[in-house]
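Notes to accompany the following structure.
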Amino acid sequence: MDELYTWKQDRDALVHNLANIPYNDNAVREAAERGKKLIDTLSNRVKSVNNYYKKLYAEQEKAND
């Protein structure tokens, strides 16, 4: 338990230090915006593929009836 407590204290100190490191707000904002665009594009493509397979499945079900 002592080893776990020591590790937690060390980890907490590292996290605290990381939180206090100055960073470029513009770079962070740009990275977030780029990431959002990528996620939106990926989400749209996934929806398109899902819709394609739903339609294909429905057509196969209809043909099997």
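Observations on the structure shown:
- For the chain, the longest principal axis of the Cα atoms and the long axis of helix 25-64 meet at an angle of about 30 degrees.
- Accessible surface of the chain, 1.4 Å probe: 57 percent of it comes from carbon and sulfur atoms.
- Charged side chains reduced to their Cβ positions (Lys and Arg at +1, Asp and Glu at -1) give the chain a dipole of some 500 debye around its Cα centre.
- Count of Lys pairs (Cα-Cα under 24 Å; at least 8 positions apart or interchain) in the chain: 5
- Kirkwood hydrodynamic radius of the chain, from inverse mean 1/r over distinct Cα pairs, in Å: 16.8 Å
- Surface exposure of the chain, expressed per residue as accessible area with a 1.4 Å probe, stands at 101 Å².
The values are calculated or read from the model by the stated rules, or taken from the named source; none is laboratory data. These figures come from a predicted structure and were not determined experimentally. As a convention, Cβ positions derive from the backbone with ideal geometry for all residues, glycine included, and neighbour counts pool all protein chains shown. Each accessible area value is taken on the protein alone, full model and side chains, heavy atoms only, with ligands, DNA and RNA left out. Shrake-Rupley method; radii C 1.70, N 1.55, O 1.52, S 1.80 Å.
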